[in-house]
Amino acid sequence: MFFGGFPFGGFEDGPHPGMPGMRREKKEVDNKRFYEVLGVSQNDDLNTIKKAYRKLAMKHHPDKGGDPELFKEIGRAYEVLSDPEKRRTYDEVGEEGLEGSGGGSDPTDIFDLFFGGGGGRRGGGGGRRKGEDVVHPLKVTLSDLYNGKTRKLAINRDIICPDCDGVGGPESAMETCSACKGRGIRVTIRQMGPMIQQMQSPCTECRGQGKYIPQHKQCKRCGGDGTIKERKVLEVFVEKGAPDNKKIIFRGEADERPGQLPGDVIFVIQQQEHPVFTRKKSHLLMKKKITLLEALTGFSFELVHLDNRKLIIKSNPNEVIKPGEMKAIANEGMPSVKNPFIRGYLFISFDVEFPDALDDKTCNALKKLLPSPRKMDMDIDDQLDAEVHYVETVDPERLKEDAARSGEAYEEDEDEGMGGPRVQCRQQ
Ligand SMILES: [Zn+2]
Ligand SMILES: [Zn+2]
């Protein structure tokens, strides 16, 4: 057997990763990648890692156009390397040795990066593990984002049982778990080809506590679980001008577990579409149809804004609006989060509706009225040696149909086979 010489019986319940004899097999394990992701060396201290992380996280934050996958990867690398215990495990056995590997914790809010959060808070509980974060999407209308809104949302969560303080019964009734010999974790070794994989998982018998209370002595209120259900109402404040995908974080409001710091409840704003306005960061965009007459002689229309104010939008005197032209109104876009009194632009893109036909009388009147640098029709018609063509309206789709009916494949060369069905996809 490959590792017949190992004290194998001792492994199952062996102490933490750094077992003698494992080191020789370590070469197969990738324990460099996280260091590479953060651009630090294995000897760098926590401070250097922290600095490297902040810099990278700011640079690659999705809010600033960074790649979300890379950003997650950076967050994951930092999560591991900033935690001394996880870092030691990673150095020993690579990512495989870390529980929940691959999932990665939720990347930190960008504001944390500015204000000095981001990982540091994990140390607050004396190295206690932090529970999982709970992420909820929060649908918000554009009006709510314009005006700001407080939403009340109820969450159901587990809290530490107040009767037994999360112990599950009286402390005196506590017995040491025999399955894990009180350590709360079980280590299993698996051989995969030439590699040895070491897996750590919480002990299922005692749910990772290392000790348990026999059933008949368990707390009545929580049934020995140590936690009970609680319904809690959270007031979620959506700021004026909050960006789409913004995270609103309630620290420590996720499920409580004995011996763990509770995770966060995170609401992620999902901006809903609006029938009139489209948002582009701090600006608003809308389309407006006007008639040809309005385009030439001026327009004026009423617009109900996102806060129900009525605006009258007018063209400037003597201004002509061209089809597709974009005009802007200052300070009628989205409010800025920092200062809601400062707003972006409202852009209006104009679609000019032209009449399909004009009668002779109108044409002649217009010819006299509108300036034209070009020669008039009559002058051109005088050139008798030129052919005269009238334009027609042709639907490109109909052209294709006609071609198909006459057996002429529209895009193909004419001299390649006459009539009959053709093979459309030729093998090269
Ligand atoms: Zn209890
Ligand atoms: Zn156990």
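The values are calculated or read from the model by the stated rules, or taken from the named source; none is laboratory data. Keep in mind the model is a prediction, meaning the values are calculated, not measured. As a convention, Cβ positions derive from the backbone with ideal geometry for all residues, glycine included, and neighbour counts pool all protein chains shown.
Computed values, structure above
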quantity	calculated
Pairs with Cβ under 8 Å, 6+ apart, first in the stretch 226-238 and assigned to a strand (DSSP E or B), second within 12 Å of ligand 1 (Cβ to nearest atom) and small (Gly, Ala, Ser)	Thr227/Gly166
Subset of the stretch 330-351 (residues that are closer than 16 Å to Ile313 by Cα and surrounded by 12 or more Cβ atoms within 10 Å (Cβ to Cβ))	Glu332, Gly333, Tyr345, Leu346, Phe347, Ile348, Ser349, Phe350, Asp351
Residues that are in a strand (DSSP E or B), more than 16 Å from ligand 2 (Cβ to nearest atom) and over 30 Å from Arg343 (Cα atoms), drawn from the stretch 139-181	Ala154, Ile155, Asn156, Arg157, Asp158, Ile159, Ile160
Strands (runs of 3 or more DSSP E) fully within the stretch 308-414 counting 1 or more residues that are more than 30 Å from Leu145 (Cα to Cα) and modelled with pLDDT of 85 or more	346-353
Enumeration of residues in the stretch 188-231 that are on the phi > 0 side of the Ramachandran plot and more than 13 Å from ligand 2 (Cβ to nearest atom)	Gly193, Gly223, Gly224, Gly226
Selection status of Cys164, surrounded by 15 or more Cβ atoms within 10 Å (Cβ to Cβ) and within 16 Å of ligand 1 (Cβ to nearest atom)	yes
